[in-house]
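Q: Got a structure for you, questions after.
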Amino acid sequence: MSLQKQLFAALLAIGFGFSANSQQVTGFYPNDTSTQKAVEAEYLKAVNFGQFKVHLEELTKVPHIVGTPENEAVAAYLTQVMSAAGMEVTSYPYDVYLPNDPGESLLEIITPEKITLSQQEGVVDGDPFSSDPRLHKGFNAYSGSGDVTAEVVYANYGVKADFEKLAEMGVDLKGKVVIARYGGNFRGYKAQFAEHYGAAALIIYTDPKDSGYEKGDVYPDGPYYNETTIQRGSLLTLNYTGDPLTPFQPALPLDGDKQVKRLDPKDVAFHTIPVTPIGYGAAKEILSRMKGSSVPEEWKGGLPIDYRITGGQDLKVRVKVDQPIDFVRANNIVGKFQGSEYPDEWIILGSHYDAWSFGATDPNSGTAMMLTLAEAIGELVKKGERPKRSILIGHWDAEEQGVIGSTEWVEQFKDELQAKAVTYMSFDAAVSGRNFGVSAAPTLKNLIIEASKEVAYPDSSKTVFEVWAGQNEEPKIGNLGGGSDHIAFYMYAGVPSLSGGTGGVSAYHSNYDNFHYYSKFVDPTFQMGGTVASVIGVLTLRMANATIVPYDVPRYAQDLRLHFDNAVKSVKELDASFNTFGRVDNALAKLQATTTVYEAAINTALASGRLSEKEISSINKALISLEKSWIDPKGMYFGSWYRSLYVSTDPFSGYASWILPGIRYEVETKSTDRLEEWDKRYAKAILDLDKKVNKIVKSLK
């Protein structure tokens, strides 16, 4: 049959396939739909909304940074709850190289007058958590150690363009203390750029224009940062993710049977300048004393001062940091519901559990949600409704210092994950407000949309889908970037991933991110935890019970066409003579036709209800392999650990999503030298994907 005839037949088949039963659930035999709907109804009844609050309160009783007895107690609680729910629970220990204590630090104005500046949040009346003696002062993990007294330069957000602007203006940063506000990029790049331009130290603060009184009432009267609130966070900006001493391999215990070779810390590109975070009250003391020229209009923040570029010779600031870094034991806690029919096909959910302080929103709202979900699925299992595929729930450690625990686990089990993992779904801080949102791989987008239609939105006559979509026919779904535990699964191992939940205003990475703050400002009715658990549980059960892995395979070509069109526009801005990626265009046309035929063929096969177990196993194995077409052992030029040709974190900001990162890097570095190479590499990956899909199609004839 010609390609045109195949396409025509496919479109006809799709039309008939979906009109026959509008209630059809993707990936299921029509006769199994009612059974699955019944399972979902039982699950939704089993979701105990009150348990979310119970779990969150227990998880956040005390500060629990990685490597502390308090964090070990959280791990024990996770083990207890999942075991009681009927999960097989395993602990995976790693010895990772990180700082979990600020050590000694000091921030002072030396001249024109001596003032010691606050480095810790103030105690708040009515908030019993704010006076906990175990709370640390603000610190940035992987700061360099040093004691610097120098003049001050203001660098706006400290993004690449800001430092370039200072250079344009002739501002010399050598030997200076830079002060920059949070926002615009990952904090580690602020340190990297400051160091590159010769700064001797860096101070980072949150400006009230970004979270403070310019946004609304500040804590404790409102949710926004008060003048003492400090954002902590890691500075790690290596060209790989995870433990800094063991790229590409797991940081197995130093006292274990199997030893791994570790890098010498002296050979790792850690930051060398001291860096410390402060609140905007302390920042005002510095910024208000600066006497240099005024800043550009867009650099002005919300403090009632004249923002200036330089402080002048009379203003000297001292930044002292002596931060210990050593090996710390991190423990991943992973629970499993063994699948009844396809135990070696894994649906994986995860979030970290370590926190900078109490971690009520980040991360433990996600932790509490997953425990609630585990208990509800456990109720089904106890009644004999075991999921067909295995469901794994991972609680990762040491995420805050650099997404370490999850990365080490992926590095340890990469081959097994590539063969077995259907999906990884990340729920870091997953219940942080009332605004539902998702970022996802192309193949998972339709699945989360469909699941959101099955759950009511709290205090509303609408579904989660209706509130999420608003006036749009389909809600906006983002692309995954950096910053959390999906990175290694998606960008290193090639497991289709999703990150979702609810968001809002939070006390991000501060000592105020506690149960009192959460109860007052994040979700006072405690309805969103159960709601998110309901949506994600339906999604999980559909993926676990579907006869055929329910990926939206045609979405690959749909999204890729959009992304390559955008890439061509970006390249043309560099080189007006550039036309297109010819090999990619041909490969994409082929993939679009093949995936359309696939969708029709798979729906016809399911409608027939006659697939053999051998056929089902073969098809699902092939589907699980699809995302691996993007995994290129050569990796990216900005870091070979990042192996997905489809997506990576932005190596210049750390958070943003880079789709087609090979081409994006060329554009960002203003180079056209490797465009031919990327045309070949991307076309090869797309054709490999097409070959796999076509093989499934042929097996169904």
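Q: Can you tell me how many residues in the range 662-701 are among the charged types (D, E, K, R), out of contact with any helix residue (DSSP H, G or I) (no Cβ under 6 Å at 6 or more places or on another chain), touching a residue at least 24 places away in the same chain (Cβ under 8 Å) and farther than 20 Å from S648 by Cα?
A: Going through the range 662-701 one residue at a time, the tally reaches 2.
Q: Filter the range 530-589 for residues that are assigned to a loop (DSSP other than H, G, I, E, B), touching a residue at least 24 places away in the same chain (Cβ under 8 Å) and open to solvent by 10 Å² or more (accessible area, probe 1.4 Å); which is nearest to I624 (Cα to Cα)? Spell out how you get there, then give the answer.
A: Keep residues of the range 530-589 that are assigned to a loop (DSSP other than H, G, I, E, B), which gives 546-554, 575-581.
Filter again for touching a residue at least 24 places away in the same chain (Cβ under 8 Å), leaving 546-554, 575, 578, 581.
Cutting the leftovers down to open to solvent by 10 Å² or more (accessible area, probe 1.4 Å) gives us 551-552, 554, 575, 578.
Numbers: Y551: 9, D552: 12, P554: 15, D575: 38, F578: 36 Å.
Among them, the one singled out is Y551.
Q: Those residues that are over 32 Å from the mean Cα position of the chain (by Cα), more than 16 Å from E285 (Cα to Cα) and not acidic (D, E), I need them from the range 150-172; list them, please.
A: Hits for the range 150-172 are A167, M169, G170, V171.
Q: Which is part of a helix (DSSP H, G or I) and under 32 Å from the mean Cα position of the chain (by Cα), of A330, A283?
A: A283
Q: Ok, one more. Of these, D207, D243, D217, which one is farther than 17 Å from F327 by Cα and either surrounded by 18 or more Cβ atoms within 10 Å (Cβ to Cβ) or in contact (Cβ under 8 Å) with a residue 60 or more places away in the chain (or both)?
A: None of the other options fit; the residue is D207.
Q: In addition: Exactly one condition in (1) on the phi < 0 side of the Ramachandran plot; (2) not in a helix (DSSP H, G or I) is false for M370; which is it?
A: Every listed condition holds for M370 apart from (2).
Q: Take the conditions on the phi > 0 side of the Ramachandran plot and open to solvent by less than 50 Å² (accessible area, probe 1.4 Å) and apply them to G292. Does it pass?
A: no
Q: In the range 273-292, what residues are without any contact (Cβ under 8 Å) to a residue 60 or more places away in the chain and among the charged types (D, E, K, R)?
A: K284, K291
Q: Quick check on E599: is it acidic (D, E) and over 30 Å from F248 (Cβ atoms)?
A: Working: acidic (D, E): yes; over 30 Å from F248 (Cβ atoms): yes.
So E599 fits the description; yes.
Q: Go through the range 637-653 residue by residue and tally those that are open to solvent by 10 Å² or more (accessible area, probe 1.4 Å) and of a type outside the set (S, T, Y).
A: Matching residues across the range 637-653 total 5.
Q: Go through the range 54-155 and tell me which strands (runs of 3 or more DSSP E), entirely inside it, have 2 or more residues that are closer than 25 Å to T228 by Cα and at pLDDT 95 or above.
A: 104-111, 146-150, 152-154
Q: Then there is this: Consider D132 against the criteria (1) surrounded by fewer than 18 Cβ atoms within 10 Å (Cβ to Cβ); (2) under 12 Å from P324 (Cα atoms): it satisfies all of them except one. Which criterion is unmet?
A: Checking D132 against (1) surrounded by fewer than 18 Cβ atoms within 10 Å (Cβ to Cβ); (2) under 12 Å from P324 (Cα atoms), the one that fails is (2).
Q: Let me ask you something else. Test each condition in (1) open to solvent by 20 Å² or more (accessible area, probe 1.4 Å); (2) closer than 27 Å to F327 by Cβ for L202 and report the one that comes out false.
A: Tallying (1) open to solvent by 20 Å² or more (accessible area, probe 1.4 Å); (2) closer than 27 Å to F327 by Cβ, L202 fails exactly one: (1).
Q: Something else: Only one residue in I602, I619, I624 is touching a helix residue (DSSP H, G or I) at 6+ places or on another chain (Cβ under 6 Å), closer than 30 Å to N545 by Cα and at pLDDT 95 or above. Which one?
A: Of the residues listed, the single one that is touching a helix residue (DSSP H, G or I) at 6+ places or on another chain (Cβ under 6 Å), closer than 30 Å to N545 by Cα and at pLDDT 95 or above is I619.
Q: Among the residues of the range 54-82, which ones are buried (at least 21 other Cβ atoms within 10 Å of the Cβ) and under 16 Å from P363 (Cα atoms)?
A: Pass one, the range 54-82, residues buried (at least 21 other Cβ atoms within 10 Å of the Cβ): 55-56, 59-60, 63-67, 71, 74, 78, 81-82.
Within the range 54-82, H55, L56, L59, T60, P63, H64, I65, V66, N71, V74, L78 qualify.
Q: Could you list, in sequence order, the residues of the range 654-675 that are among the acidic types (D, E) and open to solvent by 50 Å² or more (accessible area, probe 1.4 Å)? Can you show your working first?
A: At the first step, the residues of the range 654-675 found to be among the acidic types (D, E) are 666, 668, 673.
If the condition is that a residue be among the acidic types (D, E) and open to solvent by 50 Å² or more (accessible area, probe 1.4 Å), then E668, D673 are the ones that fit.
Q: Condition first: among the small types (G, A, S) and either within 18 Å of F327 (Cα to Cα) or touching a residue at least 24 places away in the same chain (Cβ under 8 Å) (or both). Now tell me which residues in the range 382-409 satisfy that.
A: Looking only at the range 382-409, we keep the residues that are among the small types (G, A, S), and these are 384, 390, 394, 398, 402, 405-406.
Passing the criteria: S390, G394, A398, G402, G405, S406.
Q: Please work out which residue is farthest from S648 (Cα to Cα), limiting yourself to the range 222-240 and to residues that are among the polar types (S, T, N, Q) and open to solvent by less than 10 Å² (accessible area, probe 1.4 Å).
A: Per the stated criteria, the residue is T229.
Q: Could you check the range 182-199 and list, in sequence order, the residues that are within 11 Å of G301 (Cβ to Cβ) and crowded, with 24+ Cβ neighbours inside 10 Å?
A: Answer for the range 182-199, where residues must be within 11 Å of G301 (Cβ to Cβ) and crowded, with 24+ Cβ neighbours inside 10 Å: there is none.
Q: Same structure, new question: Name the residue, out of D322, D344, D326, that is open to solvent by 20 Å² or more (accessible area, probe 1.4 Å), touching a strand residue (DSSP E or B) at 6+ places or on another chain (Cβ under 6 Å) and of a type in the set (D, E).
A: Among D322, D344, D326, only D322 is open to solvent by 20 Å² or more (accessible area, probe 1.4 Å), touching a strand residue (DSSP E or B) at 6+ places or on another chain (Cβ under 6 Å) and of a type in the set (D, E).
Q: Out of the residues in the range 154-180 that are among the aliphatic types (A, V, I, L, M) and open to solvent by 50 Å² or more (accessible area, probe 1.4 Å), which is nearest to G402 (Cα to Cα)?
A: A161
Residue by residue, here is whether (1) touching a Ser or Thr at 6+ places or on another chain (Cβ under 8 Å); (2) under 25 Å from R561 (Cβ atoms); (3) surrounded by fewer than 20 Cβ atoms within 10 Å (Cβ to Cβ) holds:
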position: A593; (1), (2), (3): no, yes, yes
position: V597; (1), (2), (3): no, yes, no
position: G609; (1), (2), (3): no, no, yes
position: S618; (1), (2), (3): yes, no, yes
position: E627; (1), (2), (3): yes, yes, no
position: E677; (1), (2), (3): no, yes, yes
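Q: If I go through the range 171-211 residue by residue, how many of them are on the phi < 0 side of the Ramachandran plot and assigned to a loop (DSSP other than H, G, I, E, B)?
A: So the count comes out to 17.
Q: Further question on the same structure: Name the residue, out of S497, S506, that is among the small types (G, A, S) and within 29 Å of G222 (Cα to Cα). I'd like the intermediate steps shown before the answer.
A: On the way: S497 fails: within 29 Å of G222 (Cα to Cα).
The unique qualifying residue is S506.
Q: Could we say that K320 is modelled with pLDDT of 95 or more, among the basic types (K, R) and closer than 20 Å to S83 by Cβ here?
A: So K320 does not fit the description; no.
Q: Just the residues that are in contact with a Gly (Cβ under 7 Å, 6 or more places away or on another chain), buried (at least 22 other Cβ atoms within 10 Å of the Cβ) and more than 30 Å from Y97 (Cα to Cα), please, taken from the range 269-289.
A: Listed by number, the list holds a single entry, Y280.
Q: How about the range 140-153: which of its residues are open to solvent by less than 20 Å² (accessible area, probe 1.4 Å), touching a Gly at 6+ places or on another chain (Cβ under 8 Å) and either without any contact (Cβ under 8 Å) to a residue 12 or more places away in the chain or under 19 Å from V317 (Cβ atoms) (or both)?
A: Answer for the range 140-153, where residues must be open to solvent by less than 20 Å² (accessible area, probe 1.4 Å), touching a Gly at 6+ places or on another chain (Cβ under 8 Å) and either without any contact (Cβ under 8 Å) to a residue 12 or more places away in the chain or under 19 Å from V317 (Cβ atoms) (or both): N140, A150, V152, V153.
Q: Go through the range 606-632 and count every residue that is among the hydrophobic types (A, V, I, L, M, F, W, C), part of a helix (DSSP H, G or I) and more than 30 Å from P661 (Cα to Cα). First the steps, then the outcome.
A: Filtering the range 606-632 for residues among the hydrophobic types (A, V, I, L, M, F, W, C) gives 606-607, 611, 616, 619, 622-624, 626, 630-631.
Next, only the ones that are part of a helix (DSSP H, G or I) stay: 606-607, 616, 619, 622-624, 626, 630.
Checking the rest, the ones that are also more than 30 Å from P661 (Cα to Cα) come to 606-607, 616.
Counting residues in the range 606-632 that are among the hydrophobic types (A, V, I, L, M, F, W, C), part of a helix (DSSP H, G or I) and more than 30 Å from P661 (Cα to Cα) gives 3.
The values are calculated or read from the model by the stated rules, or taken from the named source; none is laboratory data. Because the structure is a prediction, the values reported are computed rather than measured. We place every Cβ from the backbone using ideal geometry, glycine too, and count neighbours over all the protein chains shown. Ligands, DNA and RNA are excluded from the accessible area calculation, which covers all protein heavy atoms including side chains. Shrake-Rupley method; radii C 1.70, N 1.55, O 1.52, S 1.80 Å.
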